[in-house]
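S.K.: There's a structure below that I have some questions on.
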Amino acid sequence: MSARIGIVGIGHCRFGNSSEYDLVDVIAYSANDAFRDAGGLHLRKEVDQVLVGNMAAGMFNHQTSVASALISRMDMEPCPAELVENGPASGASAIRLGYMAIASGMADVVLVAAGEVMRVVSGWEATNIVATMAHTEAEYNMGLTLPGFAGMFTRLYMEKYGMTERDLALVAVKDHDNGAKNIYSHVQLPVTIEAIADGENANVVNNYVAEPLRMYSTCPISDGSAAVILVNMDSPKAKLFPKKPIRIAGIASATDTHCVHNRKDPLVLDAVRISAEKAYKMAGVGPKDISLAELHDAFVIFELLNSEEVGFFERGKSFLGVRNRETEIGGRIPINTSGGLKAKGHPVGATGVSQVVELVRQLRGEAEEGRQVKDPKYGMAVNFGGFGNNVVTTILAKD
Amino acid sequence: MAIDALEAKLRPPADVLAPYPSKLITLASGEQMVVREARLADAGALLGTVYPLLGVPKDYYDIVAARMYSEILGWFRYRVANEFVIVGAIDGVIAGIVTSRHVKAGLGMSLHTLTIKRGLRVGAQLFAAKMEHHIDYLGEDEVHIVAESPIGFKRWMIEYELEDRSAMYPDLRHELGGVPTFTLTRKLWEAVKPVKCTGVRPVPAELLKTADKLIMPDEYVQLPGWKRGA
Ligand SMILES: CC(C)(COP(=O)(O)OP(=O)(O)OC[C@H]1O[C@@H](n2cnc3c(N)ncnc32)[C@H](O)[C@@H]1OP(=O)(O)O)[C@@H](O)C(=O)NCCC(=O)NCCS
């Protein structure tokens, strides 16, 4: 691929509870933030294409045509705009399609804005809505939810590789430490291993959600948005954007069977591995070149599994890396420096863009004190749609 | 206060309630929260803690704060029968408050739950503490509960899977606003207690001492920029 495509503006709101705000306003907030970061709101008129990532506005907010609504909210008519829905990977899919729009020559500047407002319904209803991405007859109608799936998945991994519940808690402690320092994070509280795993009150303070998954092995239900502005670095328009672009070195996606039971080994996430391999190839790098990674951890088991599939750890060994503190900031491969979905939160459609915003902040050296990875060169994001059946991997480079 | 004949007429008849034994909960952050029954001498700190939240409509803090303010005042001035207040304090600073009432033998009436320090499920722990008091210490068999906020409804009615008895007893209404009443039964409590209720007893003396004189929070996440006394 010859196009050089970079990110010249990023926007993000604090994740949490925005249920009193309209979804389109929530997305517009980050989109405007991205323009301010890129050099000013006047740059809106340079945009050739708007792509909006969102998973389920129709169900959560009883609202459709969100992309058209955003255009009007931001005074961006007659710019073309479309909605991208790919489950919880909607955000990264929108970035990938934005990349393709520029690479195809049909656009030089693309705004990708993504958001979700889920807290308008109860946690149980949100879980139900998210579960509609599972296979209707074989999974959803049988009562399977994502936490239910992840619980079984975690149990299998524990039995096969000897991981313990305490290992899951160690991931949460690391993620919450990072999230506590991130201004955009939903839960800005560090947690201790004594309190959530070892202590006398741990069983209630860190209650089971879907055994063996506990509250601190599960992401909170969050609202929020994030946005990025993509530019063809070789087009004349690139000069209008004062900030040095962070280049998209690799971006790829892969799919797997919709039904989890159709996979040879449910613990093998082919779509993660294949999308990562394609992204590495496109970027001309390998796992050892990556300075930090944002790995989709709606349940902390996914952070571990993803880190194996993308080649940071051997299969079945990632939790040992966590025990050895290899994934902390300052460790061999810092993972989820933002706090991850675990602490930063997971407004489903926004997550993929939020992960990329974090990579840009890190590669620019703009992360908060105590959270900045030293001199990073390449950042990787894995955004997971469905139960690992539609995955997008992005690799960004600081040139 | 001297209890003259008129004042005595103004007071509802009161039972002697069993005390709630203090306990200690280590929250996810590692902070230690002393959970203890409030004393009348705490009323000033409790009222002063609730007061700033009267103006916070988000998450229904305003209505719950207003109700709780009057409940604490009513309790302090002996205007509510058999009310009790339980408080959670971290280093003496009030993190959350619950109010409730013993109605008659076997029956309790949950009033309000207010979390000051958000994010650590302080409210959930204190709600469980008040249910523990109702059923395990006051010996009640049922507690009537309603929610005045959506979060409250999700937390208590849904998470505890409380029984909606409104169809069975259409006339049975909680004394707060006449909303159809949900009920925590002893049976249900026994089933959920191991996963909802925690705390270590006795509280080590030095930690209990930190909660002896309650401190009003200086700042509230619910009131960005607000500072006590500023
Ligand atoms: C209802 C109420 C008492 C609940 O309080 P609580 O149990 O202390 O709850 P918390 O604030 O700790 O609860 C949830 C927090 O846990 C955190 N959380 C949720 N899921 C999490 C997860 N998986 N991992 C880590 N943290 C998580 C979040 O920070 C969340 O806060 P948010 O709701 O602002 O996003 C409190 O919201 C309150 O006082 N509200 C106003 C008054 C009211 O409604 N009272 C009830 C009247 S009936």
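S.K.: Go through the stretch A:194-236 and give me each residue that's in a loop (DSSP other than H, G, I, E, B), more than 9 Å from the ligand (Cβ to nearest atom), closer than 27 Å to A:Val353 by Cα and not hydroxyl-bearing (Ser, Thr, Tyr).
M.R.: A:Met233, A:Asp234
S.K.: Does B:Ile63 satisfy being outside any loop (DSSP other than H, G, I, E, B), surrounded by fewer than 24 Cβ atoms within 10 Å (Cβ to Cβ) and within 12 Å of the ligand (Cβ to nearest atom)?
M.R.: Judged against the criteria, B:Ile63 is a match.
S.K.: Here's something else I'd like to know. Given the stretch A:253-323, what helices (runs of 4 or more DSSP H) lie entirely inside it while holding 2 or more residues that are farther than 23 Å from A:Met215 by Cα and among the charged types (D, E, K, R)?
M.R.: Result: A:270-283, A:300-309.
S.K.: Condition first: out of contact with any Lys or Arg (no Cβ under 9 Å at 6 or more places or on another chain) and either of a type in the set (Phe, Trp, Tyr) or open to solvent by 20 Å² or more (accessible area, probe 1.4 Å) (or both). Now tell me which residues in the stretch B:122-148 satisfy that.
M.R.: Of everything in the stretch B:122-148, those that are out of contact with any Lys or Arg (no Cβ under 9 Å at 6 or more places or on another chain) and either of a type in the set (Phe, Trp, Tyr) or open to solvent by 20 Å² or more (accessible area, probe 1.4 Å) (or both) turn out to be B:Tyr137, B:Leu138, B:Gly139.
S.K.: Restricting attention to the stretch B:13-30, report how many residues are open to solvent by 60 Å² or more (accessible area, probe 1.4 Å) and touching a residue at least 24 places away in the same chain (Cβ under 8 Å).
M.R.: Qualifying residue count, the stretch B:13-30: 4.
S.K.: Of everything in the stretch B:21-41 that's away from the ligand (no atom under 16 Å from the Cβ) and in contact with a Phe, Trp or Tyr (Cβ under 7 Å, 6 or more places away or on another chain), which residue is farthest from B:Leu138 (Cα to Cα)?
M.R.: B:Leu40
S.K.: While we're here: Checking B:Leu188 against (1) without any contact (Cβ under 8 Å) to a residue 60 or more places away in the chain; (2) open to solvent by less than 60 Å² (accessible area, probe 1.4 Å); (3) over 19 Å from the mean Cα position of the chain (by Cα); (4) within 14 Å of chain A (Cβ to nearest Cβ), which single condition isn't satisfied?
M.R.: (4)
S.K.: State yes or no: is A:Glu159 open to solvent by 10 Å² or more (accessible area, probe 1.4 Å) and more than 16 Å from the ligand (Cβ to nearest atom)?
M.R.: yes
S.K.: Step by step: first the residues of the stretch B:125-155, then only those that are closer than 19 Å to B:Val50 by Cβ and modelled with pLDDT of 95 or more, then the one that is nearest to the other protein chains (Cβ to nearest Cβ). Which residue is that?
M.R.: My answer is B:Gln125.
S.K.: Answer yes or no as to whether B:Leu53 is at pLDDT 95 or above and either within 30 Å of A:Ala169 (Cα to Cα) or open to solvent by 40 Å² or more (accessible area, probe 1.4 Å) (or both).
M.R.: no
S.K.: While we're here: Filter the stretch A:193-208 down to residues that are crowded, with 19+ Cβ neighbours inside 10 Å and under 14 Å from A:Ala172 (Cβ atoms), then give me how many there are.
M.R.: Adding up the residues that qualify gives 6.
S.K.: Additional query: Out of the stretch B:191-206, which residues are more than 8 Å from chain A (Cβ to nearest Cβ) and crowded, with 16+ Cβ neighbours inside 10 Å?
M.R.: Those that are more than 8 Å from chain A (Cβ to nearest Cβ) and crowded, with 16+ Cβ neighbours inside 10 Å: B:Val192, B:Lys193, B:Val203.
S.K.: Could you tell me which of the residues A:Asn17, A:Asn86, A:Asn54, A:Asn61 is modelled with pLDDT under 95 and closer than 28 Å to A:Ala134 by Cβ?
M.R.: Going through A:Asn17, A:Asn86, A:Asn54, A:Asn61 in turn, just one is modelled with pLDDT under 95 and closer than 28 Å to A:Ala134 by Cβ: A:Asn17.
S.K.: If I ask for residues that are under 19 Å from A:Glu159 (Cβ atoms) and polar (S, T, N, Q), which ones from the stretch A:285-327 would you list?
M.R.: Listed by number, the list holds a single entry, A:Ser318.
S.K.: Ok, one more. Of everything in the stretch B:96-124 that's within 13 Å of chain A (Cβ to nearest Cβ) and over 19 Å from B:Leu162 (Cβ atoms), which residue is nearest to the chain's Cα centre (by Cα)?
M.R.: In this case the residue turns out to be B:Val122.
S.K.: Another question, then. Identify, by number, the condition in (1) away from chain B (no Cβ under 14 Å); (2) open to solvent by 60 Å² or more (accessible area, probe 1.4 Å) that A:Trp124 doesn't meet.
M.R.: That leaves (1) as the condition not met.
S.K.: Further question on the same structure: Working only within the stretch A:1-37, note down all residues that are free of Cβ contacts under 8 Å to residues at least 12 places away in the same chain and either in contact with a Pro (Cβ under 8 Å, 6 or more places away or on another chain) or within 16 Å of the ligand (Cβ to nearest atom) (or both).
M.R.: Matches in the stretch A:1-37: A:Glu20 only.
S.K.: Still on this structure: Quickly run through the stretch B:159-174 and pick out the residues that are surrounded by 15 or more Cβ atoms within 10 Å (Cβ to Cβ) and either aliphatic (A, V, I, L, M) or within 8 Å of the ligand (Cβ to nearest atom) (or both).
M.R.: B:Leu162
S.K.: Shifting gears a bit: Can you report the number of residues in the stretch B:129-154 which are assigned to a helix (DSSP H, G or I) and either aromatic (Phe, Trp, Tyr) or within 16 Å of B:Thr183 (Cβ to Cβ) (or both)?
M.R.: 7
S.K.: Still on this structure, please answer the following. Of these, A:Ser222, A:Ser275, which one is open to solvent by less than 10 Å² (accessible area, probe 1.4 Å), polar (S, T, N, Q) and within 13 Å of another protein chain (Cβ to nearest Cβ)?
M.R.: A:Ser222
S.K.: Now for a different question. With the requirement that a residue be among the small types (Gly, Ala, Ser), assigned to a loop (DSSP other than H, G, I, E, B), more than 14 Å from chain A (Cβ to nearest Cβ) and over 15 Å from the mean Cα position of the chain (by Cα), what does the stretch B:1-58 give you?
M.R.: Those that are among the small types (Gly, Ala, Ser), assigned to a loop (DSSP other than H, G, I, E, B), more than 14 Å from chain A (Cβ to nearest Cβ) and over 15 Å from the mean Cα position of the chain (by Cα): B:Ala2, B:Ala14, B:Ala18.
S.K.: Next question, about the same structure. For a quick check of your reading of the model, give me the residue pairs whose first member lies in the stretch B:120-133 and is within 11 Å of the ligand (Cβ to nearest atom), whose second is part of a helix (DSSP H, G or I), with beta-carbon atoms closer than 6 Å and at least 6 apart or on different chains.
M.R.: Hits for this filter: B:Ala128/B:Lys196.
S.K.: I need the full set of residues from the stretch A:174-192 which are facing another protein chain (nearest Cβ under 10 Å) and surrounded by 22 or more Cβ atoms within 10 Å (Cβ to Cβ), in order please.
M.R.: Those that are facing another protein chain (nearest Cβ under 10 Å) and surrounded by 22 or more Cβ atoms within 10 Å (Cβ to Cβ): A:His176, A:His186, A:Val187, A:Val191.
The values are calculated or read from the model by the stated rules, or taken from the named source; none is laboratory data. All figures in this text were calculated on a predicted structure; none of them were measured in a lab. Methodologically, a virtual Cβ is constructed for each residue, glycine included, from the backbone with ideal geometry; neighbour enumeration extends over all protein chains shown. For the accessible areas, the whole protein counts, side chains as well, though only heavy atoms, and no ligand, DNA or RNA atoms are used. Shrake-Rupley method; radii C 1.70, N 1.55, O 1.52, S 1.80 Å.
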